[in-house]
Amino acid sequence: MKIAVLGAGAIGAYVGAALHRGGADVHLIARGEHLQAIRAHGVRVNSPRGDFVARPHATDDPKEIGPVDYVFLGLKAHSYPTSGSLISPLLGERTAVVAGQNGIPWWYFHKLTGPYEGRRIEAVDPDGATSEVLPPERAIGCVVYPATVIEAPGVIRHLEGTRFSIGEPGGGVSDRCTALSEAMIAGGLKCPVEPNLRDDIWIKLMGNVAFNPISALTRATMVDICRHPPTRRLVTHLMEETLDIAARVGSTPDISIEKRLRGAEGVGHHKTSMLQDLEAGKQLELDAIVTAVVEMADISGADAPHLRAVHAATDLLARGGTAAPDNGATREPVPA
């Protein structure tokens, strides 16, 4: 099995190292000092589950790799529409694309039986630009649960979690999902194939859509947000509205809001990915995590007043610039 990881950052390098350890033919696409370190020393994973080093092939040129069986996307979702030149050399006739992204995927309404089947979500597929680069029929959905950070070039700190839930947009359990699941499990990861992955998407999104924008607006960690009664109530309202939207488009994730809050509080003083991007002067991952959900509220007729208000404030923050470091860095893209 030949697998390319496009965007071998914290999650991508972790996945690639695990797959390589499990025996897959893995090729990492990275850049800069991170790439140089991987070429020289491999990927070092420091983890409470045991440290290890993997030495997959690494490059900054996908043409060196050629067509593969699977492309794992470690890029932020807002970079998908402009990634065609990087992805096209990796695509063969049957190549599957596994998007390890936060938020609503561009393929969401692909093969979803019901009134919205085939509908395009402009926030994540503007004028069809993402679908042109990544045809939905190639997509395997993926919900990423692990938390990882780049500790140093070529060094990944695995904090917690090993689960990558995957599934077909059309539902069911396909041969290509089963084969990928087996490869991930061989590398020491959990990789259930979910017949209805959209429910998993909404379970994770319940946290992302609430904690990410609030943390960016307040600079607070997840536990701070949970323990401050007014923001805890706001999170509850956001989760209630998100579950309402999910139900309107056909998903009924089986999790309580209180359980989701307890889980977030248990993470402790963790900065969300959106707050980390804000502090680093990077582009906020707003479109997939919040804007797409507001668009789905419009599509389905949901009011979602709290969600719309938080989105408006965070969108203004994103448009007006970020909390750039004192060196004047400008903005450019550990799950919550």
Let me have the 222 nm mean residue ellipticity of the chain computed from DSSP H runs of 4+ only, each contributing -39500 (n - 2.57), with the sum over all residues rounded to the nearest 500.
-12000 deg cm²/dmol
Val5's amide H: which non-local residues (gap 5+, or another chain) put their own amide H closer than 5 Å, with H modeled 1.01 Å from N in plane and none for Pro or chain starts?
His27, Leu28, Ile29, Phe72
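Let me know the shape class of region 147-254, please: from the alpha-carbon gyration tensor, a ≥ b ≥ c as square roots of the eigenvalues, rounded when a/c is under 1.5, otherwise prolate if a/b is greater than b/c, or oblate.
Oblate, because a/c is 1.5 or more while a/b does not exceed b/c.
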Roughly how many Å² of Asp315 are accessible to a 1.4 Å probe, to the nearest 10?
40 Å²
Spin-label pair Arg163/Glu240, simplified geometry with 7 Å Cα→Cβ offset, distance in nm:
2.6 nm
Area accessible to solvent at Tyr116, 1.4 Å probe radius, in Å²
40 Å²
Sort region 67-171 into rounded, prolate or oblate with this rule: let a ≥ b ≥ c be the square roots of the eigenvalues of the Cα gyration tensor; rounded if a/c is under 1.5, and if a/c is not under 1.5, prolate when a/b is larger than b/c, oblate otherwise.
prolate
Could you pull out every residue, at least 5 positions away or on a different chain, whose amide H is within less than 5 Å of the one on Ile140? Hs are placed 1.01 Å off N in the peptide plane, and Pro or chain starts have none.
Val97, Val98, Ala99
Can you compute the charge dipole magnitude of region 249-288 about its Cα centre, using +1 on each Lys and Arg Cβ and -1 on each Asp and Glu Cβ, nothing else charged? Give it in debye, rounded to the nearest 20.
140 debye
If contacts are Cα pairs under 8 angstrom and at least 6 residues apart, what is the relative contact order of region 113-198 in percent?
24 percent
Over 19 Å between Cα atoms, which of Lys204/Lys271; Lys204/Lys282; Lys204/Lys259; Lys76/Lys204 qualify?
Lys204/Lys282
Row for region 184-309, column shape: gyration tensor on C-alpha, a ≥ b ≥ c, rounded if a/c < 1.5 i.e. under 1.5, prolate if a/b over b/c, else oblate; value rounded
Phi angles of region 279-295, converted by Karplus (6.51 cos²θ - 1.76 cosθ + 1.60, θ = phi - 60°) into ³J(HN,Hα) in whole Hz with x for Gly and Pro, give 5, 8, x, 9, 5, 6, 7, 7, 4, 6, 8, 10, 4, 5, 5, 4, 4
Going by average Cβ density within 10 Å per residue, which order do the peptides 265-272, 229-236 take, highest to lowest?
265-272, 229-236
How far is it, in nm, from the label point at Arg319 to the one at Asn46 when both lie 7 Å from their Cα along the line to the Cβ?
4.2 nm
Packing-ranked peptide list from 95-107, 280-292, highest mean Cβ count within 10 angstrom first, is 95-107, 280-292
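Cα-based Rg of the chain per 2.2 N^0.38 Å, rounded to two decimals?
Scaled against compact globular proteins, the figure is 0.94.
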For Arg31 and Arg262, extending 7 Å from Cα along the Cα-Cβ vector and measuring point to point gives, in nm, a value of 4.4 nm
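The values are calculated or read from the model by the stated rules, or taken from the named source; none is laboratory data. Source: prediction; values computed, not measured. When we count neighbours, we look across all protein chains shown, and the Cβ atoms used for this are built from the backbone with ideal geometry, even at glycine. All accessible areas refer to the heavy atoms of the entire protein, side chains included, with ligands and DNA or RNA removed. Shrake-Rupley method; radii C 1.70, N 1.55, O 1.52, S 1.80 Å.
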